[in-house]
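Let me begin by presenting the structure, written as C-alpha cells, before commenting on it.
The values are calculated or read from the model by the stated rules, or taken from the named source; none is laboratory data. These numbers come from a predicted model, not from an experiment. Because the Cβ atoms are built from the backbone with ideal geometry, glycine has one as well, and the counts that use them run over all protein chains shown.
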Amino acid sequence: MKKTDIVIIGSGMAGITAAIYLRRANANFVILEGSMVGGMLNQLKSIENFPGAGKTSGSDILISLMEQLRYNNIPLVYGNVQTILKEEDGFEVVTDVESYDAKAVIVATGISQISKTIPGEEKFAGQGVSYCATCDGNFFKGADVAVVGNNNIALEEALYLSNLVNKLYLVCPDEKLTGDQVLIEKIDAAKNVEVILDTNVDEIEGDDFGVIGMKISGKTIGISGIFPYIGKKSTTQILNNLKPEMKGIFVKANEDKSTNIPGLFVAGDLVDKKVKQLVTAAGDGATAAISADNYCKLLK
Ligand SMILES: Cc1cc2nc3c(=O)[nH]c(=O)nc-3n(C[C@H](O)[C@H](O)[C@H](O)COP(=O)(O)OP(=O)(O)OC[C@H]3O[C@@H](n4cnc5c(N)ncnc54)[C@H](O)[C@@H]3O)c2cc1C
C-alpha cells in the first residue's frame, strides 16, 4: 500500500486545479485518473465563457493545464478507484491496480454523461460504440454512423463526425433539437446529416467484429459506429462505504468543500450546487485543496 497525505480522485478541471493548489502548498499528494485525463474537457468543442481564455475549446484548455502540471512537476497516476474505506486515522483508497493510505481525500469524479441504457451498448463498447468523436472519429471515415442524444455535446459530436463520415444519423429522443441555436443551424445545413426526431434506439446490433446496425421502430438501419450521449450517471458509487450526505446523485458539501465525513472533500460537478461549469469546478478544486491541506496540517 502506498502512503500519502491527500488523494485527489479525478483529473477534470476540479481535480487538476486541486493538484496545482496542493503543489503550491507543498503538500504530499497523488492525483488519480481512471479513464481519460481531462474528463469533460475532452468533449467540449467550443467554450466562450471561461474567463481569460476567449473563444476556445476544451482540448485547448486541457493542453494548457497539462503544461501547467508538467512545469509544476505533478505526475498523473493511473488508477480507477473502486472504493474508499474509512480507517482509524484516515482512508484507504482502493484502485484497480494499487491502494493508497491517505489522511484526506478530494473526490472530483464529475458526473458521467454515459448511462449505458441502450441494449447492446455495453456489449459493443469499443467495438463500434464510442463516446468521443475526437478520439475515435477517424475509425469511421467514409462510414455510416449514428449519434444519439439531444444536448450540446451530442450536436457538437454529430457536426464533428459529419465532416468525416459518409452519412450521419442524429437520433433525438425529443420532438425537437434543444441545443444551442447556432449548433442546430449547422446541423440543419449539413448535407449528410439525417435528424430522426422523437425516436429512441431500441437496440444496437452487431456481430463478432462489432456494430452493424441500430434497431429503430422495428427497422434496422445499417451503421458501423454509434455515439450515445443520453442520460447522466452518478460517479459516487465509490463512496458507498463512506455514505456521505447526498442530494440525489450529488454530494452535499460545506462552503469549504468538506463533507459530513471528516477528511472527505468534494469538488466539481458531483457537488450539490446550482452552477456546474468549468469556472466553478476550478473554484471548488482550489477551495477543496486548501481545506484538505489545512485539515492535514491540524492532524500533525
Ligand atoms: C453539454 C455540455 C456542455 C458544457 N459546456 C460548458 C461550457 O461551455 N463552459 C463551461 O464552463 N462548462 C461547460 N460544461 C460544464 C463542464 O464541462 C463541467 O462543469 C466541468 O467539466 C466539470 O469538471 P469536473 O472536474 O467536475 O468533472 P469531469 O470533467 O467530469 O472530470 C471527472 C474526472 O474524474 C474521473 N473519474 C471518474 N470516476 C473515477 C474513478 N472511480 N476513479 C478515477 N477517476 C475517476 C473521470 O474519468 C474524469 O476524468 C458543459 C457540460 C456539458 C454536459
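The table below lists the values:
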quantity: Only listed residue being over 26 Å from the mean Cα position of the chain (by Cα) and either outside the structural domain of K45 (by TED's automatic domain parsing) or not aliphatic (A, V, I, L, M) (or both), chosen from N240, N166; calculated: N166
quantity: Odd one out for S112 among (1) modelled with pLDDT of 95 or more; (2) within 10 Å of the ligand (Cβ to nearest atom); (3) crowded, with 16+ Cβ neighbours inside 10 Å; calculated: (1)
quantity: Pairs with Cβ under 8 Å, 6+ apart, first in region 261-272 and without any contact (Cβ under 8 Å) to a residue 60 or more places away in the chain, second buried (at least 23 other Cβ atoms within 10 Å of the Cβ) and among the small types (G, A, S); calculated: V271/A253; D272/A253
quantity: Meets criteria (more than 30 Å from A289 (Cα to Cα) and crowded, with 19+ Cβ neighbours inside 10 Å) for V107; calculated: no
quantity: Tally of residues being free of Cβ contacts under 8 Å to residues at least 40 places away in the same chain and within 25 Å of I106 (Cα to Cα) across region 45-59; calculated: 1
quantity: Some residue of region 33-44 being within 20 Å of E92 (Cβ to Cβ) and surrounded by 14 or more Cβ atoms within 10 Å (Cβ to Cβ); calculated: yes
quantity: Condition broken by D60, with the remaining ones in (1) more than 22 Å from P262 (Cβ to Cβ); (2) in contact with a helix residue (DSSP H, G or I) (Cβ under 6 Å, 6 or more places away or on another chain) satisfied; calculated: (2)
quantity: Looking only at region 115-150, and only at residues there that are within 16 Å of the ligand (Cβ to nearest atom) and β-branched (V, I, T), the one that is nearest to the chain's Cα centre (by Cα); calculated: T134
quantity: Some residue of region 277-288 being under 17 Å from V81 (Cα atoms) and in contact with a strand residue (DSSP E or B) (Cβ under 8 Å, 6 or more places away or on another chain); calculated: no
quantity: In region 233-263, the residues that are touching a Cys at 6+ places or on another chain (Cβ under 9 Å) and within 12 Å of the ligand (Cβ to nearest atom); calculated: none
quantity: Residue within region 185-200 that is under 30 Å from G10 (Cα atoms) and either surrounded by 14 or more Cβ atoms within 10 Å (Cβ to Cβ) or in contact (Cβ under 8 Å) with a residue 60 or more places away in the chain (or both) present; calculated: no
quantity: Extreme residue, farthest from I47 (Cα to Cα), among residues of region 242-255 that are in contact with a strand residue (DSSP E or B) (Cβ under 8 Å, 6 or more places away or on another chain) and surrounded by fewer than 23 Cβ atoms within 10 Å (Cβ to Cβ); calculated: L242
quantity: Meets criteria (in contact with an Asp or Glu (Cβ under 6 Å, 6 or more places away or on another chain), buried (at least 16 other Cβ atoms within 10 Å of the Cβ) and β-branched (V, I, T)) for I84; calculated: no
quantity: Hits in region 138-151 (condition: more than 18 Å from E175 (Cβ to Cβ) and surrounded by fewer than 24 Cβ atoms within 10 Å (Cβ to Cβ)); calculated: N138, F139, F140, K141, G142, A143, D144
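Results for (1) closer than 17 Å to G210 by Cβ; (2) outside the structural domain of K276 (by TED's automatic domain parsing); (3) out of contact with any helix residue (DSSP H, G or I) (no Cβ under 8 Å at 6 or more places or on another chain); (4) without any contact (Cβ under 8 Å) to a residue 60 or more places away in the chain, shown as yes or no for each residue.
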position: I118; (1), (2), (3), (4): yes, yes, yes, no
position: K123; (1), (2), (3), (4): yes, yes, yes, no
position: G128; (1), (2), (3), (4): yes, yes, yes, no
position: K141; (1), (2), (3), (4): yes, yes, yes, yes
position: A154; (1), (2), (3), (4): no, yes, yes, no
position: P173; (1), (2), (3), (4): no, yes, yes, yes
position: L177; (1), (2), (3), (4): no, yes, no, yes
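Residues checked against (1) surrounded by 16 or more Cβ atoms within 10 Å (Cβ to Cβ); (2) away from the ligand (no atom under 12 Å from the Cβ):
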| site | (1), (2) |
| --- | --- |
| G231 | no, no |
| F265 | yes, yes |
| I290 | yes, yes |
| N294 | no, yes |
